[in-house]
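I have placed the structure first, in the form of structure tokens, so that the comments after it can refer back to it.
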Amino acid sequence: MTIKPFRLERYYTLYEFTAKYSLCNSDCEAMSIGDLLALEDGAQEKFNNLWLGYTETKGHPALRRDIAATYEQLSDEDLLVCTGAQEPIFLFSQAMLKAGDEVIVQTPCYQSVQSIPESMGCKVMDWLVKYENGVPTFDLAELEKMITNKTKVIYINTPHNPTGFHFSKEQQKALIEIARRHNIIIFSDEVYRELEHQPVYAISGFGDAYENGVSLGVMSKAYGLPGLRIGWLATKNQEILEKVAMLKEYTTICNSAPSEFLAGVGLRNRQHLLDRNLSIINQNLPLYDAFFEKHADLFSWYKPNAGPIAFVKMNFTTADMAFSQRVLKEAKLLLLPGGIYDYPGFFRIGFGRKAIPEALEVFESFIEKM
Ligand SMILES: Cc1ncc(COP(=O)(O)O)c(C=O)c1O
């Protein structure tokens, strides 16, 4: 297999654990195993007695029931539990596409949805963001014009990494109507779902809302448990699940039993995790607001209505890569430059972590010296 290096993951491999401060993480604050187990009576003892044998390829039935509870109509039969969100992106693409197929990708994007189909000889078409008065939008009429009889999958991500865009209910409905008209699968990366800043912004998972919709979920982001490496595909289309499950037998076969157990505890207590993470977000957002208001000559941002990340436009000419390298060198602070997404002139910030106020102070003093 010949595939492009994953620029974002390469960048994090280099700097994530060496930078002293970070303003760019996409996950919410994590927690210890002890704190997670303390959320449920008897969980600690059950965890100690957990059997370390192989688990079911589709995922433990109890865990699938806990995941199904996060959807409106989908049941435990409509789920395949995988390793993180990355494995199901890889497996889905390998299972459902072949050379010569066309896919449309909401762009900029988490690179695997472009690079994996590309590595298989598919034609990858970018459905590119447009900024209108600083607000990211995606033009549905433009999307429909890109569709041909070879288009197999539309890859979307909502809430969106990196722009913070999130589809409204009306836009979701219109997008599904387009896909249905052309008999196209929608692969919807929903790793930031349930982190809407107000309940009114919540939309159904695409796996619930569309018979050929596939929702990608994970414990990593909204729930803040990336170390579990538990993610899933949720769809009513059993053929897709079966094809992906057959490929999974060539990668991880089944999931880690301790992780499955802990993910179940997390999901049964997900409101607690979400409330905690939304409260961190709500504490951090006003700090960013004040910062960007004060430095409006240098930066402008779209404040999202969902998710833990935003994309910041640089109103000066230094290249985003060079700027991020300078911030890292002089302030030991990590930013994620837009160039990593092939979208220069921006950088990504996060606001789901407790350490944001301190990191923002470091950035502020850097800016003042600059
Ligand atoms: C949009 C999106 N999809 C998928 C992933 C991969 O998630 P995981 O690390 O849980 O595999 C990420 C991680 O940053 C992401 O931002």
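Selection of the range 84-104 for residues being among the hydrophobic types (A, V, I, L, M, F, W, C) and within 12 Å of Ile185 (Cα to Cα) yields Phe92, Met96, Leu97, Val103, Ile104. Taken over the range 232-284, the residue count meeting the criterion of being open to solvent by less than 20 Å² (accessible area, probe 1.4 Å) and under 27 Å from Ala359 (Cβ atoms) is 7. Tell me whether the range 58-72 contains one or more residues that are open to solvent by 10 Å² or more (accessible area, probe 1.4 Å) and under 20 Å from Asn183 (Cα atoms). Within the range 58-72, none of the residues are open to solvent by 10 Å² or more (accessible area, probe 1.4 Å) and under 20 Å from Asn183 (Cα atoms). Give the residue, chosen from Ser220, Ser204, Ser168, that is assigned by TED's automatic domain parsing to the domain that holds Tyr110, at negative phi and within 12 Å of the chain's Cα centre (by Cα). On inspection, the qualifying residue turns out to be Ser220. Glu190: modelled with pLDDT of 95 or more and closer than 22 Å to Phe311 by Cα, yes or no? When the stated conditions are applied, Glu190 passes them. All of (1) in a loop (DSSP other than H, G, I, E, B); (2) surrounded by fewer than 13 Cβ atoms within 10 Å (Cβ to Cβ) hold for Lys145 with one exception: (1). If you filter the range 340-362 down to residues that are closer than 20 Å to Tyr11 by Cα and in contact with a strand residue (DSSP E or B) (Cβ under 6 Å, 6 or more places away or on another chain), you find that the one that is surrounded by the most Cβ atoms within 10 Å (Cβ to Cβ) is Ile349. Any idea which of (1) open to solvent by 60 Å² or more (accessible area, probe 1.4 Å); (2) hydrophobic (A, V, I, L, M, F, W, C); (3) not in a helix (DSSP H, G or I) is the one Met321 doesn't satisfy? Only one criterion is unmet by Met321, namely (3).
Mind listing whichever residues of the range 31-75 are over 30 Å from Tyr210 (Cβ atoms) and of a type in the set (Ser, Thr, Tyr)? Selection gives Ser32, Tyr54.
Looking across the range 148-170, the residues that are surrounded by 19 or more Cβ atoms within 10 Å (Cβ to Cβ) and part of a loop (DSSP other than H, G, I, E, B) come down to Thr158, Pro159, His160, Asn161, Pro162, Thr163, Gly164, Phe165, His166, Phe167. Considering only residues of the range 324-357 that are assigned to a strand (DSSP E or B) and among the aliphatic types (A, V, I, L, M), which is farthest from the chain's Cα centre (by Cα)? For the range 324-357, the residue satisfying everything is Leu333.
Of all residues in the range 114-122, at least one satisfies being under 18 Å from the mean Cα position of the chain (by Cα), touching a residue at least 60 places away in the same chain (Cβ under 8 Å) and within 23 Å of Arg10 (Cα to Cα).
Exactly one residue out of Asp126, Asp101, Asp78 is under 19 Å from Asp208 (Cα atoms) and of a type in the set (D, E, K, R), and it is Asp78. Of the set (1) outside any strand (DSSP E or B); (2) open to solvent by less than 20 Å² (accessible area, probe 1.4 Å), all apply to Ala174 but (2). Residues that are free of Cβ contacts under 8 Å to residues at least 40 places away in the same chain and either under 20 Å from Tyr223 (Cα atoms) or of a type in the set (Val, Ile, Thr) (or both) were ranked within the range 17-47; the one that is farthest from the ligand (Cβ to nearest atom) is Asp41.
The values are calculated or read from the model by the stated rules, or taken from the named source; none is laboratory data. Keep in mind the model is a prediction, meaning the values are calculated, not measured. Neighbour counts are summed over all protein chains in view; Cβ atoms, including those assigned to glycine, are modelled from backbone coordinates with ideal geometry. Heavy atoms of the whole protein, side chains included, go into the accessibility calculation; ligands, DNA and RNA do not. Shrake-Rupley method; radii C 1.70, N 1.55, O 1.52, S 1.80 Å.
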